[in-house]
1. Just checking, does the stretch 234-244 include any residue being within 13 Å of the ligand (Cβ to nearest atom), open to solvent by 20 Å² or more (accessible area, probe 1.4 Å) and more than 21 Å from residue 168 (Cβ to Cβ)?
2. Does the stretch 216-265 hold any residues that are part of a loop (DSSP other than H, G, I, E, B) and touching a strand residue (DSSP E or B) at 6+ places or on another chain (Cβ under 7 Å), and which are they?
3. Just need a number here: residues in the stretch 252-305 that are of a type in the set (Asp, Glu), more than 16 Å from the ligand (Cβ to nearest atom) and touching a Phe, Trp or Tyr at 6+ places or on another chain (Cβ under 7 Å).
4. Name the residues in the stretch 96-116 that are open to solvent by less than 80 Å² (accessible area, probe 1.4 Å) and either of a type in the set (Val, Ile, Thr) or under 16 Å from residue 278 (Cα atoms) (or both), would you?
5. If a residue must be open to solvent by 20 Å² or more (accessible area, probe 1.4 Å), aliphatic (A, V, I, L, M) and within 20 Å of the chain's Cα centre (by Cα), how many such residues does the stretch 292-324 contain?
6. Could you list, in sequence order, the residues of the stretch 55-80 that are in a helix (DSSP H, G or I) and either in contact with a strand residue (DSSP E or B) (Cβ under 6 Å, 6 or more places away or on another chain) or closer than 28 Å to residue 358 by Cβ (or both)?
7. Give the residues of the stretch 117-146 that are within 14 Å of the ligand (Cβ to nearest atom) and open to solvent by 10 Å² or more (accessible area, probe 1.4 Å), sorted by residue number.
8. Within the stretch 209-230, is there a residue that is open to solvent by 50 Å² or more (accessible area, probe 1.4 Å) and within 16 Å of the ligand (Cβ to nearest atom)?
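The values are calculated or read from the model by the stated rules, or taken from the named source; none is laboratory data. What you see is a predicted model; the values in this text were computed from it and never measured. Backbone-built Cβ (ideal geometry, glycine too); neighbour counts: all protein chains shown. Note: areas computed on protein heavy atoms with side chains; ligands, DNA, RNA excluded. Shrake-Rupley method; radii C 1.70, N 1.55, O 1.52, S 1.80 Å.
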Amino acid sequence: MVCGLAAAVALSACGGGKEAAAGGDAAAAAPGGNVLNVYNWSDYIAEDTVPGFERERGTEVNYGVFDSNEVLEAKLLAGGSGFDVVVPGLQFLGRQVQAGVFQPLDKTRLKNYAGLDPELMKRIAVQDPGNQYSVPYMWGTTGIGYNVDKLAAAFGSTEIAGSWDLVFKPENLAKMQHCGVMFLDAPSEVVPVVLNYLGEDPNSTDPAVIAKATALLKTLRPYIQTFHSSQYIEALANGSACLVIGWSGDVLQARDRADESGNGVKVAYSIPKEGTSLFFDMLAIPADAKNVDNAYAFIDYLLRPEVAAANTNFISFPNPVPGSLPLVDEAIRNDPTIYPPPETAAKLFTLAILPPELDRLFTRLWTELKTGR
Ligand code: SPD
């Protein structure tokens, strides 16, 4: 089933359009003008996607980027963000819907809606009932990114990258500390993966269970140089990091950047055999968006098979439009780390809606971890 989703295709990473300062600046540009204010993940769109939309529609796009659901959510919950299209992860969108942040989508305004993968839409409907408020942009996994030569030098081969043991056993992580270890900077991304590794429910909300993840993470802390959710792309590519917990397409972009630079750094991505999280990033229109016609036009444009394919080809994340697959580069289409085969897909879990009452616990444990307390 996940393969069917994967077969659906992807959108992309950074680039394109003018990057708006978040919130207020975007709002200031809106009144009266033919504009669109978009807030998307960094490194998540092909270079010509936004300029192509601007040319075609005669609209100016203010394009801002973020690298964490928490940052986006803070702006949305504060209200008056000025954004017309945003891209939260599904587990955050679920609770933002409950908080009244978004307007329901009028599907009749999206002529490419019928091209979305029905299996994927069914899965998403668990957290966005009736698929009322969002459409998927891209999906992917959280896994291990590594420098092939450094890993082989430390362990004799790269086989160990097939298991979370590489990252979650302190004696293994210690062997990579000299060349740069980076973790995603978000408890909502890392804790579920650790719990799954420990054989616990990855979506547990029980503080006693979450404490097991915290205890393990504390044993790893001495070997982690940096917590960051986007800098690892460049760090892997230029060789200043050799082991990361990161997102699939981001690590593969690092591999491509290194290859293109000719610096000799070889980067690879692994979905560990114990399984990991499968995420969906969703396009949604805030309830107070000012440029709603342009927002629909932009979402519909992103769902065109040729646009979705261009994005996937650029960012190496799969999109949800099956009709785009024939236009996706063969190397991407056949890459099992991008489109996981059924035996790998069977081990992937979806992140549940994060209950707001867990926020304080997550924030505290993460602060303690990062500060080494
Ligand atoms: N550089 C773009 C990465 C997008 C990752 N989205 C992750 C959401 C995970 N819940």
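1. yes
2. Of the stretch 216-265, the ones part of a loop (DSSP other than H, G, I, E, B) are 224-225, 228-231, 239-242, 262-265.
Matches in the stretch 216-265: 224, 225, 228, 239, 241, 242, 265.
3. Filtering the stretch 252-305 down to residues of a type in the set (Asp, Glu) leaves 256, 259-260, 274, 281, 288, 293, 300.
Within this subset, residues satisfying the condition of being more than 16 Å from the ligand (Cβ to nearest atom) are 259-260, 274, 288, 293, 300.
Add one more test, that the residue is touching a Phe, Trp or Tyr at 6+ places or on another chain (Cβ under 7 Å), and what stays is 274.
So the answer is 1.
4. Start the filter on the stretch 96-116 by keeping residues that are open to solvent by less than 80 Å² (accessible area, probe 1.4 Å), which leaves 96-97, 99-107, 110, 112-113, 115-116.
97, 101, listed by residue number.
5. Adding up the residues that qualify gives 1.
6. Step one: filter the stretch 55-80 for residues in a helix (DSSP H, G or I), giving 55-57, 69-78.
Passing the criteria: 69, 70, 71, 72, 73, 74, 75, 76, 77, 78.
7. 127 - this is the single residue of the stretch 117-146 that is within 14 Å of the ligand (Cβ to nearest atom) and open to solvent by 10 Å² or more (accessible area, probe 1.4 Å).
8. No, the stretch 209-230 contains no residue that is open to solvent by 50 Å² or more (accessible area, probe 1.4 Å) and within 16 Å of the ligand (Cβ to nearest atom).
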